[in-house]
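Chemist: The following block contains the structure, expressed as structure tokens.
The values are calculated or read from the model by the stated rules, or taken from the named source; none is laboratory data. Note that the structure is predicted; figures quoted are calculated from it, not measured. Note that we place each Cβ from the backbone using ideal geometry, even for glycine, and neighbour counts take in every protein chain shown. For the accessible areas, the whole protein counts, side chains as well, though only heavy atoms, and no ligand, DNA or RNA atoms are used. Shrake-Rupley method; radii C 1.70, N 1.55, O 1.52, S 1.80 Å.
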Amino acid sequence: MLPWRTLLLGMVALAAFLCLGAAPEAWVFDRGAIARGEIWRLITGHWMHSDQAHAAWDITALLLLGALFESRLRWHLPLALLVATAGVDAWLWWGAPVLYYYCGLSGILNSLLIVGLMQLWRDLRHPLVLFTGVAAAVKVIVEINAGQALLTQTAWPGVPTAHAAGFLCGLLLGGWIWRSANSLNVQQEA
């Protein structure tokens, strides 16, 4: 099945970068502007990128995750992106009050990765799925300790705590999905 939702989102992210350029001032997460009422930045900031390499990494990761998980997650995919957007924004606002500017998909992509892996584990129980989840957790922990992203160096410094916030949102949502599916299975068996 073609991951049409992901392809559409990838095209939106690419078009935003090509049309608006790197870190467009009116669209990134800007704490001062948000405080003055420009709340759209809480959403658009995740879809803006600091430079070409940042856009390439994030959009490629989005497309790969969508290709891997969209058919399994179905409507949970956009739900994961929405929950992660809210969770990462909450972290940026209250958990990182000294951070004034932010852009990029990486925080919310960590959520999509974890929700997708949890669904894949539920379906397959393959050890590689568990290993991938543990490796993702270790990567986030190492990034936080290093104070920078491991795989990328972009015009704006990485925000590993946003990756952690997305990861935790993914665990929470994935756990809710898992619990809901188990409750539905119990009801159907009764």
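Chemist: Which pairs do you get when a residue that is among the hydroxyl-bearing types (S, T, Y), found in the range 59-85, comes within reach of a residue that is at pLDDT below 95, reach meaning Cβ atoms under 6 angstrom, with the pair 6+ apart or on two chains?
Modeler: Hits for this filter: S71/M1.
Chemist: Just to be sure I understand, how many residues within the range 92-123 are polar (S, T, N, Q), out of contact with any Cys (no Cβ under 9 Å at 6 or more places or on another chain) and either surrounded by 24 or more Cβ atoms within 10 Å (Cβ to Cβ) or closer than 20 Å to T152 by Cα (or both)?
Modeler: 1
Chemist: Among the residues of the range 1-24, count how many are β-branched (V, I, T) and open to solvent by less than 20 Å² (accessible area, probe 1.4 Å). Outline the logic, then answer.
Modeler: Looking only at the range 1-24, we keep the residues that are β-branched (V, I, T), and these are 6, 12.
Filter once more, keeping what is open to solvent by less than 20 Å² (accessible area, probe 1.4 Å): 6.
Of the residues in the range 1-24, 1 are β-branched (V, I, T) and open to solvent by less than 20 Å² (accessible area, probe 1.4 Å).
Chemist: It is to be established whether one or more residues within the range 133-141 are outside any helix (DSSP H, G or I), surrounded by fewer than 20 Cβ atoms within 10 Å (Cβ to Cβ), out of contact with any helix residue (DSSP H, G or I) (no Cβ under 6 Å at 6 or more places or on another chain) and among the basic types (K, R).
Modeler: Checking the range 133-141: not a single residue is outside any helix (DSSP H, G or I), surrounded by fewer than 20 Cβ atoms within 10 Å (Cβ to Cβ), out of contact with any helix residue (DSSP H, G or I) (no Cβ under 6 Å at 6 or more places or on another chain) and among the basic types (K, R).
Chemist: Six or more apart or on different chains, Cβ atoms under 9 Å: show the pairs whose first residue is in the range 11-23 and at positive phi and whose second is open to solvent by less than 60 Å² (accessible area, probe 1.4 Å).
Modeler: Note: pairs meeting the criteria are A23/M48; A23/H49; A23/S50; A23/D51; A23/H54; A23/C103.
Chemist: Search the range 149-167 for residues that are closer than 14 Å to V138 by Cβ and pair each with any residue that is open to solvent by 40 Å² or more (accessible area, probe 1.4 Å) and β-branched (V, I, T) when their beta-carbon atoms are under 9 Å apart and the residues are at least 6 apart or on different chains.
Modeler: L150/V142; P160/I141; P160/V142; P160/I144; H163/I144; A164/I141; A164/I144
Chemist: Can you spot a residue in the range 116-127 that is over 18 Å from the mean Cα position of the chain (by Cα) and part of a loop (DSSP other than H, G, I, E, B)?
Modeler: Checking the range 116-127: at least one residue is over 18 Å from the mean Cα position of the chain (by Cα) and part of a loop (DSSP other than H, G, I, E, B).
Chemist: Which one of these does S50 not meet: (1) part of a loop (DSSP other than H, G, I, E, B); (2) surrounded by fewer than 18 Cβ atoms within 10 Å (Cβ to Cβ)?
Modeler: S50 satisfies every listed condition except (2).
Chemist: Being open to solvent by 20 Å² or more (accessible area, probe 1.4 Å) and assigned to a helix (DSSP H, G or I) is the filter; apply it to the range 66-78 and report the residue that is nearest to L113 (Cα to Cα).
Modeler: Ranking the qualifying residues of the range 66-78, first place goes to L68.
Chemist: Further, regarding this structure: Report yes if some residue within the range 146-157 is open to solvent by 20 Å² or more (accessible area, probe 1.4 Å), in a helix (DSSP H, G or I) and at pLDDT 95 or above; otherwise report no. Walk me through how you get there before you give the answer.
Modeler: Going residue by residue through the range 146-157, those that are open to solvent by 20 Å² or more (accessible area, probe 1.4 Å) are 146-148, 150-157.
The next check asks that each one be in a helix (DSSP H, G or I); those that pass are 146.
Okay, now just the ones that are also at pLDDT 95 or above, so none.
For the range 146-157, residues open to solvent by 20 Å² or more (accessible area, probe 1.4 Å), in a helix (DSSP H, G or I) and at pLDDT 95 or above: absent.
Chemist: Right, another one. Looking at the range 103-155 only, could you name the residues that are among the β-branched types (V, I, T) and closer than 30 Å to A33 by Cα?
Modeler: In the first step, residues of the range 103-155 are kept if they are among the β-branched types (V, I, T); the result is 108, 114-115, 129, 132, 134, 138, 140-142, 144, 152, 154.
Matches in the range 103-155: I108, V140, I144, T152, T154.
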